[in-house]
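What follows is calculated from the coordinates using simple rules that are stated; it is not laboratory data. Source: prediction; values computed, not measured. All Cβ positions, even for glycine, are placed from backbone atoms using ideal geometry, and neighbour counts span all protein chains on display.
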Amino acid sequence: MIKLRNTTPELDAIQREAVAWVQRLVSGEATAEDAAALKRWRAENPAHARAFTAASSAWSDVASAGPDLHRDGRTATETLVRLRRQTVNRRAFLGGGVAAAAVATYGVIRPPLDLWPSFTQLQADYRTATGEQRTITLAGDIAVQMNSQTSLALRNGEGSQGRVELISGEASFTLPEVAGRGLAVLAADGRTLATDAKFDVRHLTRGADSAVYVTCFEGGVKVEHQAGRATIAAGQQLSYGARGLGQVTAIDPESASNWSRGIVVFRATPLLDALEEINRYRPGRIVVLNAELAQKRITGRFRIDQMNSILARLEQAVDAHVRTLPGGLALLS
């Protein structure tokens, strides 16, 4: 049984355990074993599934409310205490078999606001936790550097061409020149093809939106998407998504590869955009509570392995008040 790190007397035992599961998931340390254990716990009792659904919803309310949370004067603790009322209100429609089955998969198959890895991400062949970076080798000589919160799966190749899928996150691929051999990196609804090259693929989602960025550092790569095909050379970047293929743009190779050296750099970046990146490296989530603060710009150089200390720097940089909560949640106001 997983234990709650912050007791809340207003919640019953099952609700407290459900909150503890959510805290584990947002910690950035959840594993495939944790996902399997959570699946078993939810299946043990319909009340477990209902409580986890309510806990997930309450946690995402805190992360998404932002200015509304600030304007209404509600606190994160009050939001979590609403679990009891939410659970009672939902019993009427959760009693049916179809609804109960739907609840049984909520929060693991599709986590609210991507606050924790989905079951698909946890089942990847290679995966990095929040704040972790890792280098692996494929097919004996293809070097792959994985950034934080990255899930990579091996797929069946076609002839001499290897295939991997970047389920989510960011990875750098370095291929030596080998006659007749190549690599295809699948991401969302497109793929990147290379033979002798060094390139990055970044696949991030924001709600229902998904965008893929391909950056070439050495050699050249081909990008194929249902909207068309394009080739990019060293020093160029191309994106694709629901709107099709983007324009080929020139990039600064040093800036584009900062993450591979364990560095994140912001240059007059709106706080809201900066936090989207910071939240990839820090367990939990940092939330801005008002629109004016969200548009303040920050400039700075941060080490990925020191993101736990970033709150103090943000507090000084944008003159904000920071309130920390269980599960790595932090509110800026």
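Quote the charge dipole size of the range 262-332 about the Cα centre in Debye, to the nearest 20; the model charges only the Cβ of Lys and Arg (+1) and of Asp and Glu (-1).
Dipole magnitude for the range 262-332 comes out near 140 debye.
With 10 angstrom as the radius, rank His321, His225 by how many other C-beta atoms surround their C-beta, starting from the fewest.
Ascending Cβ contact count within 10 Å gives the list His321, His225.
Could you work out how much longer the chain between Glu277 and Asn45 gets when fully extended? Use 0.36 nm per residue separation minus the Cα distance between them, nm to one decimal.
Length difference between fully extended and current span is 79.8 nm.
Taking amide H positions as placed in the peptide plane 1.01 Å from N, state which residues far from Gln149 in sequence (5 or more) or on other chains have amide H under 5 Å from it.
Answer set, sorted by chain and number: Thr128, Ala129, Thr130, Gly131, Glu132.
What ranking of Arg50, Arg303 emerges when the number of other C-beta atoms within 10 Å of each C-beta is taken as an exposure proxy, fewest first?
So the residues, fewest neighbours to most, are Arg303, Arg50.
When you count, for each residue, the other Cβ atoms within 10 Å and take the mean per peptide, how do 14-22, 39-47 rank with the highest first?
The most tightly packed comes first, giving 14-22, 39-47.
Extending each Cα 7 Å along its Cβ direction at Gln161 and Asp319, get the distance between those two points in nm, one decimal.
Here the modelled spin labels are 5.6 nm apart.
Can you pull the one-decimal nm distance between simple spin-label points at Ala242 and Ala291, each 7 Å off the Cα toward Cβ?
2.2
Taking neighbour counts of Cβ atoms within 10 Å as a proxy for exposure, in what order, fewest first, do Asp273, Asp141, Asp34 appear?
Ordered from fewest to most neighbouring Cβ atoms within 10 Å, Asp273, Asp141, Asp34 come out as Asp141, Asp273, Asp34.
Based on the mean of other beta carbon atoms within 10 Å per residue, what is the order of 235-245, 164-174, most packed first?
164-174, 235-245
May I ask you to list the trypsin sites (Lys or Arg not before Pro) in the range 123-224 that are in a DSSP loop and have at most 10 other Cβ atoms within 10 Å of their Cβ?
For trypsin sites (Lys or Arg not before Pro) across the range 123-224 that sit outside H, G, I, E and B with at most 10 neighbouring Cβ atoms in 10 Å, the list is empty.
Put a dot 7 Å past each Cα toward the Cβ at Asp196 and Glu218; how far apart are the dots in nm?
1.1
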